[in-house]
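This report refers to the structure that appears directly beneath it.
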Amino acid sequence: MLDLTSTDMIKGMYVPLEYWDALLKSSNIIGEKGGRRITYENVERYFNNTLFIQLVQSGWVGSNLAGTDVLTQLIRAALENDSVLLATLLPDEPP
């Protein structure tokens, strides 16, 4: 079970926001039933925990003010509700 109070890094992959946006538009992540699925097999580039920490500590990656506000809201929601649903709407999709 995920401990939301832990300061440990979450296991998995980290991708820059621009790359995430590109992935969402890519046919590489479309699954058998038409849904989008991000896996180690279909995402060619990602950071692991060690590299991500090194990049943040060196000041090579981070979030801008708008991104920080969004992340702050997501973290608060996770701590208050024990869960967060994160979704995105691509610009070419109707609202």
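The values are calculated or read from the model by the stated rules, or taken from the named source; none is laboratory data. Everything quoted here is computed from the prediction, not taken from an experiment. Every residue, glycine as well, gets a Cβ built from its backbone with ideal geometry; the counts of neighbours run over all protein chains shown.
Go through (1) in contact with a Phe, Trp or Tyr (Cβ under 9 Å, 6 or more places away or on another chain); (2) farther than 17 Å from GLY12 by Cα; (3) at pLDDT 85 or above for VAL61 and report which single condition fails. Failed condition: (3). Residues that are closer than 25 Å to SER6 by Cα and either modelled with pLDDT under 80 or outside any loop (DSSP other than H, G, I, E, B) (or both) do not occur anywhere in segment 29-38.
Do the conditions hold for GLU41, that is, is it assigned to a loop (DSSP other than H, G, I, E, B), surrounded by fewer than 13 Cβ atoms within 10 Å (Cβ to Cβ) and among the acidic types (Asp, Glu)?
Details: assigned to a loop (DSSP other than H, G, I, E, B): yes; surrounded by fewer than 13 Cβ atoms within 10 Å (Cβ to Cβ): yes; among the acidic types (Asp, Glu): yes.
It is true that GLU41 is assigned to a loop (DSSP other than H, G, I, E, B), surrounded by fewer than 13 Cβ atoms within 10 Å (Cβ to Cβ) and among the acidic types (Asp, Glu).
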